[in-house]
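Written out below as C-alpha cells is the structure these notes cover.
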C-alpha cells in the first residue's frame with residue numbers, strides 16, 4: 001500500500017511538471033508589439049484605439065497619455081488599424097510573426113477633411129460601390145495597396161500612403177505633400193519606409209526611395225539619401 005501511494009504521488013508530481021512545462025511553452029508562444037500614435041505634427045494622441053486582426057481573433061489596445069500602446073499577441077498573421085475621432089483610419093497590411101520577439105509599429109494619423117469624389121466610366125453607367133471606394137482611397141485618404149504573393153500563401157501587400165501619385169505602365173511614383181503626407185509611407189510585412197519620393201514597379205516588385213529615407217525592419221533602422229529594395233516572400237531585400 002505504501003508503494004502504491006508513493007507511486008501515485010510520483011505520477012501526480014510528474015503530471016504537474018509536464019503540464020506546467022506545456023503551459024509555460026504555450027505562454028511563451030507570443031510576441032510583444034508596441035508603438036506611438038501621433039498626428040502629422042508629431043503631437044501624441046492619447047486614447048487612440050489600436051486593433052490587431054487575425055483569422056482567429058481581434059485584440060484591442062489604447063494609447064496612454066504619451067500616445068504609447070502595448071499588446072501581447074499569439075504568433076501568427078495580423079493586420080493593424082488605428083482609429084481616433086476626426087482622423088482618417090490608419091491601416092497596416094498583413095504581417096507575420098513566427099517566433100517570440102518585440103516589434104515596434106508607430107502610426108501617424110491624418111486629420112480627416114471633406115472630400116468630394118466624382119467617378120465616371122466610359123459606359124456611362126453609375127459607378128459601383130467598389131469604384132467609389134477606390135476613388136476615395138486614391139484621392140481622399142491617398143492610400144494604395146498592391147498584393148505580393150508569397151511562397152507559402154501569406155497575403156502580404158505593399159501599402160503606400162502618399163501626398164501625390166502618378167502611374168505609367170505599372171510604375172507608380174509617389175511624392176510627399178505637406179498637409180496630406182509630409183513623407184511617403186510604405187509598409188510591407190515587418191518592413192516600413194519613409195521618404196520624400198518613392199517609385200514602385202509593380203511588375204518587378206521593386207521600391208526606389210529618395211530624399212530623407214528612413215527604412216525600418218523590425219527594430220533595425222537605416223537612414224540614407226536613397227535606397228532601393230525588392231519585396232518578396234515577406235522580405236524587403238536591399239538592391240544597393
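Listed conditions (1) touching a strand residue (DSSP E or B) at 6+ places or on another chain (Cβ under 6 Å); (2) loosely packed, with under 15 Cβ neighbours inside 10 Å are all met by residue 192, apart from (2). If you go through the stretch 195-204 and keep only what is crowded, with 17+ Cβ neighbours inside 10 Å and outside any strand (DSSP E or B), you end up with just 196. For the stretch 165-186, which positions are in a loop (DSSP other than H, G, I, E, B) and over 22 Å from residue 92 (Cβ atoms)? Once the filter is applied, which keeps residues that are in a loop (DSSP other than H, G, I, E, B) and over 22 Å from residue 92 (Cβ atoms), the stretch 165-186 yields 169, 170, 178, 179.
Considering only the stretch 59-67, I want to know if a residue exists there that is surrounded by 15 or more Cβ atoms within 10 Å (Cβ to Cβ) and at pLDDT below 95. No; the residues of the stretch 59-67 include none that is surrounded by 15 or more Cβ atoms within 10 Å (Cβ to Cβ) and at pLDDT below 95. Only one entry of 224, 209, 236 meets the criterion of being assigned to a strand (DSSP E or B), touching a residue at least 40 places away in the same chain (Cβ under 8 Å) and not assigned by TED's automatic domain parsing to the domain that holds residue 109, and that entry is 236. Scanning the stretch 63-97 for residues that are closer than 19 Å to residue 181 by Cβ and without any contact (Cβ under 8 Å) to a residue 60 or more places away in the chain yields 80, 81, 82, 83, 84, 86, 87, 88, 89, 90.
The values are calculated or read from the model by the stated rules, or taken from the named source; none is laboratory data. Not measured: the values here are computed from a predicted model. Backbone-built Cβ (ideal geometry, glycine too); neighbour counts: all protein chains shown.
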